[in-house]
Every structure is written in C-alpha cells, then in structure tokens.
Amino acid sequence: MLIAVVLASTSAFALREVTLGWDASSDSSVAGYNVYTLEEGQPSPTKQTVGQTAQARITGLKEGLTYSFTVTSYNALGIESLPSAPVTFFVPVPLEISRPTGTNAFVRLRFPVSPGRQYQLQASSDMRTWTSIWQTGNALSYTQADYEDQQSRGQLQQFYRLLIR
C-alpha cells in the first residue's frame with residue numbers, strides 16, 4: 001500500500017493538517033481502512049478509522065514535530081492487515097520577518113516554538129556564509145519566540161534561516 005502526504009492547508013499557530021492518500025486494495029473482503037498517526041516523542045500512535053475511502057485528513061499536527069503515518073485495511077470482522085510502510089512528515093515552522101520602517105529600526109523575527117526543542121537563528125548577506133545570531137534554550141511550552149536583530153540596521157540585504165534541534 002503506497003501512502004502519499006499532501007500538505008492540505010495551514011491554520012492558526014502551532015496547528016497544521018495533512019491529507020493522506022493511498023492505493024485502494026483490490027481485495028473484495030476489505031471493509032475499510034485505519035490510519036495510524038505517531039507523533040514524535042509519543043509512545044503509541046492514534047488510530048483513525050476512515051471507512052472505505054482511500055484518503056484521510058489528519059488535523060492537529062504541531063509545528064516543528066515529525067509525524068509517522070501507516071495504514072491498515074480491515075475486513076468485516078475487524079481483522080486488520082499488516083501496516084503499510086510508514087511515511088514521515090515534518091511540520092514546518094514559519095519564520096515571520098518584519099522589516100524595519102524607520103532609519104534606526106531593526107529587523108524583528110518571530111516564530112512558534114515547541115516544548116523540548118531548541119532553535120537557532122542564523123543570518124547571511126550572501127546565502128553562502130551563515131552566522132548564528134541567536135539561540136533559544138529548551139522551549140517549555142508552545143509559544144512564540146521573538147528576536148530583534150540588532151545587527152540589521154544599515155544592512156541592504158539580509159537573509160535568515162532557522163535551525164531546530
């Protein structure tokens with residue numbers, strides 16, 4: 001069974017969704033499908049029964065975490081097949097950049113953080129050489145991190161990237 005992951009849409013801070021699709025079984029005894037979602041750091045997956053459709057929308061995914069998805073088919077007695085090969089998906093973390101409006105203003109950067117993660121901001125003027133400009137400690141909750149780049153004043157061109165650990 002082949003599973004495909006498509007980022008369906010984005011929603012409010014720290015929540016995302018994906019749509020999974022797979023090849024329907026040609027076995028006439030298949031009554032439906034179960035989708036198992038394993039969130040990074042969790043001991044066991046959650047199960048979603050989707051019936052006879054060969055796709056599922058998975059909501060409530062958290063930014064900065066990796067998820068693993070598997071699918072099983074089941075018959076009328078509820079007996080499940082072996083799981084499909086897992087598909088993994090990392091939920092991206094958006095980096096909001098506010099450019100300065102005044103001559104003495106600095107670039108402000110904002111992004112969501114997840115518990116147990118560290119984040120490192122890097123800057124570059126040429127996208128070849130990157131310099132670390134700020135690092136968070138381990139985040140304790142889902143919240144927003146804000147940083148004002150004091151070195152950005154007078155920079156004609158500045159690029160930023162976010163590393164997650």
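Below, the figures for the structure above:
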item	result
Qualifying position, being exposed (fewer than 15 other Cβ atoms within 10 Å of the Cβ), part of a loop (DSSP other than H, G, I, E, B) and either polar (S, T, N, Q) or at pLDDT 95 or above (or both), among S26, S9	S26
Tabulated pairs, the stretch 105-129, first on the phi > 0 side of the Ramachandran plot and not assigned by TED's automatic domain parsing to the domain that holds G60, second of a type in the set (G, A, S) and surrounded by 13 or more Cβ atoms within 10 Å (Cβ to Cβ), C-beta under 8 angstrom, 6+ apart or interchain	G116/A139
Residue in the stretch 39-48 that is exposed (fewer than 12 other Cβ atoms within 10 Å of the Cβ), at pLDDT 90 or above, β-branched (V, I, T) and under 29 Å from Y119 (Cβ atoms) present	no
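One line per residue, one yes/no per condition, for (1) without any contact (Cβ under 8 Å) to a residue 60 or more places away in the chain; (2) hydrophobic (A, V, I, L, M, F, W, C):
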| residue | (1), (2) |
| --- | --- |
| G60 | yes, no |
| L65 | yes, yes |
| F69 | no, yes |
| S73 | no, no |
| A76 | yes, yes |
| E80 | yes, no |
| A85 | no, yes |
| F90 | yes, yes |
| L95 | no, yes |
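Yes/no per residue for (1) in contact with a His (Cβ under 6 Å, 6 or more places away or on another chain); (2) modelled with pLDDT of 90 or more; (3) small (G, A, S):
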site	(1), (2), (3)
P94	no, no, no
A105	no, no, yes
P115	no, no, no
L121	no, yes, no
S125	no, no, yes
N138	no, no, no
Q158	no, no, no
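The values are calculated or read from the model by the stated rules, or taken from the named source; none is laboratory data. Computed from a prediction, not measured in an experiment: that's the story for all the values here. All Cβ positions, even for glycine, are placed from backbone atoms using ideal geometry, and neighbour counts span all protein chains on display.
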